[in-house]
Each structure stands twice: as structure tokens, then as C-alpha cells.
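Only one structure is covered here, and it is reproduced in the block below.
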Amino acid sequence: MYGLLLFELLSRVQYIDPFYGPNSTHRPSLLTGTVDSPFYYASFLHVYASMSTILIQSLFAFHVLLAFLTFLSPTPLKCFLTWFLFLSLTLRNTWLNYILDRYFHYFLAVSIFTSSTSAPLRNVGIYASRLQLLWLYIDAGMGKVLDPLNGWTTTPLQIPNSPIPILPALDSYTRHTLSARIIYTLLTPTGLKYLTPIVAYAEVVLPVISIFSCFFERLKNVQILSTVLVMGLHIGIGLTINNTALLSLVACTSLILLLPISSPSPPSQLSKPGLLIATLILTSCVYFETTELALCSQDTSLWPTLLHNRWNVFTSSETYVTWEIAPGVLSDNSVVDVWGKGEVSYELPGAGAASTSTPRRGRWRSFPYLKEMDSEFEKRALWNYLCRQWNEEHPDPNSQLLKFNFFMLQADVLPELSFGETRKRHIISWDCVTSQEIPSDESSSPQPPTFMNTNQAPMRARENLNKIHQNSIHPNKIRSRVGGIQGKANEEL
């Protein structure tokens, strides 16, 4: 787990300037705001450090070094410090708190126990991790089984009077990569159709079988087989959906705790203080998810980041894919795609995935959706970054960026690996010279900008169904982190 954390931390170096540094968006303004817990301030290390580029880079370097030392020789103290710094990093910019971060958050916390040389304390960590895994897969699997749109069945719910069909979930997801297209060709749409409900129920049943088998020596082979099959599900996700390779590796690593090599020794010994702490944490998660605390903002409350324990992603079919472009005008009057750093193209990316149109994958996909912030300072910091980055990478006076438009593009997912007509949504127009938004009919309108070149009735019906679906999964956590328009898969990745 710590080797994968080390890889994750190194991959975030590219995000220091736009997301964590002194010129970035979000969190520093909260130092003058109101939070609901004094512990929040104690977890603000990355917020304090972000006041200076040198400080935030030094803190990143220390975190990387600590993760490396913990990887070489884990101890409870080093595990705790590594987990605490990861929590602080998450709090620096809560818009980047996705399911991968949740995995690291909980299983780094569990490692505080499992790294102990005390058998009773280590046993607490093993049992707590298995209970966490049980909840994780029940929550994720039941989200699919109970999907109101029936996306994980052979007959998904169709939108009345819409020419756009809703496909079985595996048909809509198995098209993002080259390996996905090979699998699609081998299994055919019919095979994926009937495999879809099998995968959904396997995600619920297999972990239960594996954990149940942990308590019986004679069921060791069942324990191994069921755990390996769950790992196979994650390997399939990593092969077929972009930006999920690290997530799949982290999930498979956590599943090692279900194998016989991780069995408690001796099983009957438990540390009472450790058991009390683990019980308190798990009880707090349940309390958080079932009370009004779940409605708290991550910006002002520590609890959503600390205790959020929901795993219901990929819970329905993906009905459309999204990607972004930013046509910009340079000082020599040429036009380039500032976001993709190449020629401007409104065509769907070749692999048909929401994140393959530009080199900016992973957490870069959160960047344009931070525009929902109201602060003029944060908006200026966000969009000026694109200007600054381009001009630093292209110092030639004739290649300096003067202004750009930012668009979200969208296309419906259709049968047989095909996609619908590309639609365009204007996000913002920005002047790099004056560092101000350029007024336009779309950007200044009080009404939300709409997609162009589309049948609006089916679009509204589909978005309404998606809202019903999201609300039914967790009625107390109605959050619109990407304005309700980013694909469901990419919203959590």
C-alpha cells in the first residue's frame, strides 16, 4: 500500500501549482473562515504551507520521504504520520477527494494497527480492515443491484420518447481503452448484456463468502478463490476504464487482508484499547452517514473528509461521455487548444473515453469544474493558471496566449461502440492580458448555459433520471461536485 501511495504522491507533483500552491484555487481563504472543529485547524498543514511555494514543495518532499521510509520499515508511528499528512493533503483541496483517496484514507489508518509488532493490536487492524472491506463491497454492489435505472440488469430503464437507448452498464463502460475494445469484440454486446448482472451480484456475494471463509480452516481454498475473483473484477476495471489503474491496484492490495497470509495470529487475541478505537471509528462512520452531519460542507467541516464512507460508484449505465477543449488566440493570431496543447478539434477522442481527448487526465479533469466557486479571487487563480502555464512553456513573444474560450463537449453512448453527435457547452471566456472574464451572451447570462446541437427534451429527461438515481443512493448527501454534467464514472475517479 505504501509503495502505491509513494507513486500517488509523486504523480501529484504536477498539481502543486494549480491545486496546492500559493497561486492556486480554494483552501487558503478558509484560514479566515469559520470551521466547526478545532481539530480542523490542526489538520491544516498543507493550507498553512501553501502560503509559500517553497513550504508546500518542502512538505510534499517530506511526505514522499516519509512514505518511502514507511514502505521500507512500517511502524505505527510512521504509519500514523503518513496517514495524517495524507488527510492534511486532502483537506487542502477537497475537490480532489475521490474514491482513490478514500481507499488510502481508511487503509492507511488500518495500517497503524497492522504494522504493530503486538499480535493483539495487529489482530484489531486485520478484523477492522475486513469489516471495512465487507461494508465497502456491500455498499458498492448494492448500489448497482438497487439502481433505479436498472443499469446493471439486462433490461435498463429507457427514457420515454427518447431515441437514445440506455445500454447495460458493462456495454457502456467497456469501450474506454484498447483492451476494452478487444474485450467488447470478444464478448459481443450480447455477452456483455448477460454478464452485467453477474458482475453486480458477484461484487456483493464474493466478499461475503471470502470473509465468512476466513473463520474456517477447511474453507481456505474457498477463501482464496473468492478473493482472487474479486481481484479479477478490479483488474477488469483497470483494463477497461481510463484513470483506474492505480485505483485497481490499491483495491487489490487491500484485498490481501482477506487472504490466509493475513490471518490473525493467534486469532483469539485482541487489544482492548485498539478494539475500542476501531469500534469508535466504525461507529462514527455509521453515525455520520445517518445524520445531518452528512450534509456538512467539506470546506467548513472536518467530518465529511474524515468519516465519509460510501463506495457507490459506477452505479448505473454511463449515458454520455464528456471531454474538454480550450481554443485560445496567441499573439501571432494563431489558434490552438490550450487545454490539449495541440490543434483544436471538436471530434470525439478516438478511444471514446471521457478523458482521452487531451494529455490532461486524472485529477486535471477536476480543474474546469472548480469554476463553480463564487470567489473572484479563486476564479482568477483558476483560469490565470492556464495563461501562466502556456506562456511559461512557450516563452516566444509570438506564442504568448492572449485569450481563450473553455468548452465542455459531450456525446451520447450508443450501441456497437458508437457515439452520438458532439454537443458543446460554453464554460467561460477569459482574457489573459487583463486577467478578467470576457462578457458574452453565454457567460453573462443568468441562466445556466445549455448544450448546443442537441435534442433538449431527451437530454433533460436523461438528466432528471440521473438526479433521481443519485438522490436515491444517498438522500442525505446530495452534492453537485461537477454541476451535474460530468460522467458518473469520472465524477469519482
Inset, instruction - Find the centroid of the Cα atoms in the range 117-152 and in the range 194-208, then give the distance between the two in whole Å. - result: 14
Inset, instruction - Would you kindly derive the ³J(HN,Hα) couplings of the range 309-324 from the backbone phi angles with the Karplus curve 6.51 cos²θ - 1.76 cosθ + 1.60 (θ = phi - 60°), listing them in order in whole Hz, with x for Gly and Pro? - result: 9, 10, 9, 7, 10, 6, 7, 8, 5, 8, 8, 7, 10, 10, 8, 10
Inset, instruction - Grab the Cα-Cα distance for Val208 and Leu146, subtract it from 0.36 nm times how many residues apart they are, and report the gain in nm with one decimal. - result: 20.5 nm
Inset, instruction - Ignoring everything but the protein chains, give the 1.4 Å probe accessible area of Leu186 in square angstrom, nearest 10. - result: 140
Legend entry - In Hz, Karplus ³J(HN,Hα) per residue of the range 189-194 (6.51, -1.76, 1.60; θ = phi - 60°; x = Gly, Pro): x, 5, x, 5, 4, 7
Inset, instruction - Extending each Cα 7 Å along its Cβ direction at Leu219 and Asn333, get the distance between those two points in nm, one decimal. - result: 7.6
Inset, instruction - In nm, give the distance between the simple-model label positions of Glu347 and Leu282, each being 7 Å from the Cα along the Cα-to-Cβ direction. - result: 5.4
Inset, instruction - In debye, nearest 20, what is the charge dipole magnitude of the range 153-227 about its Cα centre with +1 on Lys and Arg Cβ and -1 on Asp and Glu Cβ, if you could check? - result: 120
Legend entry - Nearest-10 value in Å² for the accessible area of Tyr320, using the 1.4 Å probe: 10
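May I ask you to rank Asp147, Asp17 by accessible area, largest first, using a 1.4 Å probe over the protein chains only?
Asp17, Asp147
Label the range 100-249 by shape, choosing from rounded, prolate and oblate, from the square roots a ≥ b ≥ c of the eigenvalues of the Cα gyration tensor; if a/c is under 1.5 it is rounded, and otherwise prolate applies when a/b is larger than b/c, oblate when it is not.
Since a/c reaches 1.5 and a/b is larger than b/c, the shape of the range 100-249 is classed as prolate.
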Legend entry - Solvent exposure ordering (accessible area, 1.4 Å, most first) of Leu249, Leu59: Leu249, Leu59
Legend entry - Packing-based ranking, highest mean first, of 380-390, 62-72, 307-317 given that Cβ atoms within 10 Å are counted: 307-317, 380-390, 62-72
Inset, instruction - Classify the range 105-181 as rounded, prolate or oblate from the Cα gyration tensor: take a ≥ b ≥ c as the square roots of its eigenvalues, call it rounded if a/c is under 1.5, otherwise prolate when a/b beats b/c and oblate if not. - result: prolate
Legend entry - Pairwise label distance in nanometres, Asp396 with Val433, each label 7 Å out on the Cα-Cβ vector: 2.1
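Kindly rank 280-286, 109-115, 93-99 from highest to lowest mean number of other beta carbons found within 10 Å of each residue.
Put in order of decreasing packing, that is 109-115, 93-99, 280-286.
Can you flag which of Lys144/Lys220; Lys341/Lys379; Lys403/Lys424; Lys379/Lys424 are past 25 Å Cα-Cα? Don't skip to the end; give the middle numbers.
On the way: Lys144/Lys220 29 Å; Lys341/Lys379 22 Å; Lys403/Lys424 19 Å; Lys379/Lys424 22 Å.
Where the Cα-Cα span goes over 25 Å, the pairs concerned are Lys144/Lys220.
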Legend entry - Placed amide H near Ile428: partners under 5 Å, 5+ positions off or other chain: Phe406
Inset, instruction - Return the sequence-ordered ³J(HN,Hα) values of the range 326-338 in whole Hz as given by the Karplus equation 6.51 cos²θ - 1.76 cosθ + 1.60 applied to θ = phi - 60°, using x for Gly and Pro. - result: 9, x, x, 9, 8, 5, 9, 6, 7, 10, 9, 8, 5
Inset, instruction - Show the residues, 5+ positions off or on another chain, whose built amide H is closer than 5 Å to the amide H of Lys403. - result: Val329, Cys432
Inset, instruction - Using 0.36 nm per residue of separation minus the Cα-Cα distance, give me the extension gain between Ser179 and Asn384 in nm, one decimal. - result: 70.1 nm
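The values are calculated or read from the model by the stated rules, or taken from the named source; none is laboratory data. Small disclaimer: the values here were computed from a predicted structure and weren't measured. Positions of Cβ are generated from backbone atoms using ideal geometry, with glycine treated the same way; all protein chains shown enter the neighbour counts. Protein only, heavy atoms only, side chains kept; ligands, DNA and RNA dropped before computing areas. Shrake-Rupley method; radii C 1.70, N 1.55, O 1.52, S 1.80 Å.
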